[in-house]
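Nothing in this text is a laboratory measurement; each read-out follows from the coordinates by a stated rule. The model shown is predicted, which means the values in this text are computed figures rather than measured ones. Neighbour counts are summed over all protein chains in view; Cβ atoms, including those assigned to glycine, are modelled from backbone coordinates with ideal geometry.
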Amino acid sequence: MSSLKQIVSCMDDYDPEALPVETARRVIRSLVTPVTASERVAVRASLGRVLGADVVSTLNVPAHDNSAMDGFAVRGADLKKDGDTVLHEIGTAFAGRVFGAAVGPGKCVRVMTGAVMPAGTDTVVIQEVVRVEGDRIVVPPGQKTGQNRRLAGEDLAVGRIALPAGRLVRPAELGLLASLGLAEVTVRRRLRVAFFSTGDELVSIGTQPQEGQIFDSNRYTIHGMLTRLGCEVIDMGVVRDDPKLLEKAFHDAAAAADVVITSGGVSVGEADFVKDLLNKLGEVVFWKIAMKPGRPLAYGKIGHAHFFGLPGNPVSVMVTFYQFVRDALLALSGRDPVPQLPTFKVPCTSSLKKAPGRTEFQRGILSQDASGNWSVRVTGEQGSGILRSMSEANCFIILPTEQGNVVPGALVDVQVLEGVV
Ligand code: AMP
Ligand code: MG
């Protein structure tokens, strides 16, 4: 595997002092490879996990051709194109039971939805269109051979990959696994992520803050985002800005986890001793990303662990997590393909201040008007310390590098956070 330094030395748009968002993503993506270990879990317990191997269907689902409607199973070849067809009903086929007799020319069978198609029949005529005269069934013209019939294996065919490795198990996948009769499934092991906050000003919940001290909130947002992504979290608390304590924390975290995430301590003025420390422990680059919020970001490896040094400001933590860490964690957990956050264009009803030269991630509220049209407005204050803006938002408004101010009514890119955060 190439080292971080080799990768960045080959990039022509690599400028650690003003790194485009996309370049930072590319560097990170080129270094993450999925964890390989898997485990077997009961089907229900696989919800939210990533499949560790292809699930190959051992049976056809459905197992037999069967009726999609209540009606009459007929032989398509019997049906007249230009007039009524009179058939003789010989019995009823119920779901879950096999209709014993074969159906010869001129005959038909009453069928229930899900009933196995009786031998000889290939078409179902819904009961609403036929005329029943005792056991004489009158079928009008206009039926198509094969209609209202579900084919064996049309959902899952024997020998075919029913679910590929790398797929997230959602409710639909649970149902498919169950329809194959599987009690257990192979999933990738959960990603282990250790994290801590740095800063002399931080106190944890339960401690009375002294003057100038603040509660550590980043560990809670990070805990939440990691948990939503299905990671196993190792919360290592608050670590003071003390080289000895930090060295031990980095070392312990890297030994315990696949990924280490910290917040704070990477901005100018703070970075210097952290930089020396991390260069001693691993291979880490310190970037100034051309973005707002979230300019300082450190990335690299400490031993085998990937390391993300996020900024300290609470909004910057969330923005950098969604723009860089989320992708990397999904790739490391074995998701294939790595799903991108849904992004689309809508009119913006607010006027936005924006300086060209950096990508901005403003916090927005997407809403629908009475006629069903969507638009976005910005949440109030956009400061990187105002976590309320993330709480009020349901999307990021992404303003690309070249973009200047936005006038009301202009189209902007939004990245939806609902169901993701
Ligand atoms: P830093 O990057 O360490 O200089 O931190 C930037 C700003 O974010 C400072 O105002 C810090 O007090 C604040 N901050 C850093 N870490 C946290 C945290 N864990 N929770 C809340 N605020 C924080
Ligand atoms: Mg700090």
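Each residue of the stretch 116-131 is assigned a 3J(HN,Hα), and the resulting list reads 4, 5, x, 3, x, 9, 9, 9, 10, 9, 5, 5, 5, 9, 8, 10 Hz, derived from the Karplus form 6.51 cos²θ - 1.76 cosθ + 1.60 (θ = phi - 60°), x at Gly and Pro. Inter-label distance, residue 25 to residue 10: 2.0 nm, where each label sits 7 Å from its Cα along the C-beta direction.
Residues 30, 57, arranged from fewest to most other Cβ atoms within 10 angstrom of their Cβ, appear as 30, 57. Dipole size of the chain about its Cα centre, with +1 on Lys/Arg Cβ and -1 on Asp/Glu Cβ: approximately 680 debye, rounded to the nearest 20.
Taking a Cβ cut-off of under 14 Å around residue 247, the surrounding Lys, Arg, Asp and Glu residues balance to a net charge of +1, with basic ones at +1 and acidic ones at -1.
Where does the stretch 271-421 land on the Kirkwood hydrodynamic radius, alpha-carbon pairs, in angstrom? Intermediate values should be presented prior to the final figure.
Details: mean 1/r = 0.0598 Å⁻¹.
It works out to 16.7 Å.
Ordered by the count of other Cβ atoms within 10 Å of each Cβ, fewest first, 374, 287 give 374, 287. Electrostatic tally near residue 350: other residues with Cβ closer than 12 Å to its Cβ, Lys and Arg +1, Asp and Glu -1, net +4.
Annotation: the residues 262, 33, 121, 186, sorted from fewest to most other C-beta atoms within 10 Å of their own C-beta, follow the order 33, 186, 121, 262. Reported value for the stretch 245-288: 79 Å³ per residue, from the convex hull of its C-alpha atoms.
Note on the chain: helix-only mean residue ellipticity at 222 nm, from DSSP H runs of 4+ residues weighted -39500 (n - 2.57) and normalised by residue number, equals -5500 deg cm²/dmol. The residue list 266, 299, 346 was ranked by how far each Cα lies along the charge dipole of the stretch 238-353 toward its positive end, using unit charges on Cβ atoms, and 346 comes out on top.
Dipole size of the stretch 151-191 about its Cα centre, with +1 on Lys/Arg Cβ and -1 on Asp/Glu Cβ: approximately 360 debye, rounded to the nearest 20.
Over all pairs of different C-alpha atoms in the stretch 1-76, the reciprocal of the mean inverse distance, the Kirkwood hydrodynamic radius, equals 18.6 Å. Contact order, relative form, for the stretch 257-358: 25 percent (alpha carbon pairs under 8 Å, 6 or more residues apart, mean separation divided by residue count).
Placing dummy labels 7 Å off each Cα toward the beta-carbon, the span from residue 42 to residue 371 is 5.4 nm.
Here's the list of aspartates and glutamates a cross-link from residue 301 could span, going by alpha-carbon distance under 16 Å and ignoring same-chain residues fewer than 8 apart: 247, 252, 258, 276, 283.
In terms of its alpha-carbon gyration tensor, the stretch 256-352 comes out oblate; a/c meets the 1.5 threshold, while b/c is at least as large as a/b.
Using a cutoff of 8 angstrom between alpha carbon atoms and counting only pairs six or more residues apart, the relative contact order for the chain works out to 16 percent. Looking at the square roots a ≥ b ≥ c of the eigenvalues of the Cα gyration tensor of the stretch 217-261, which shape do they give, rounded for a/c under 1.5, prolate if a/b is larger than b/c, or oblate? Note, shape of the stretch 217-261 comes out oblate. Karplus-derived 3J(HN,Hα) values for the stretch 63-71, using 6.51 cos²θ - 1.76 cosθ + 1.60 with θ = phi - 60°, are 6, 10, 4, 8, 7, 8, 9, 7, x Hz; glycine and proline are entered as x.
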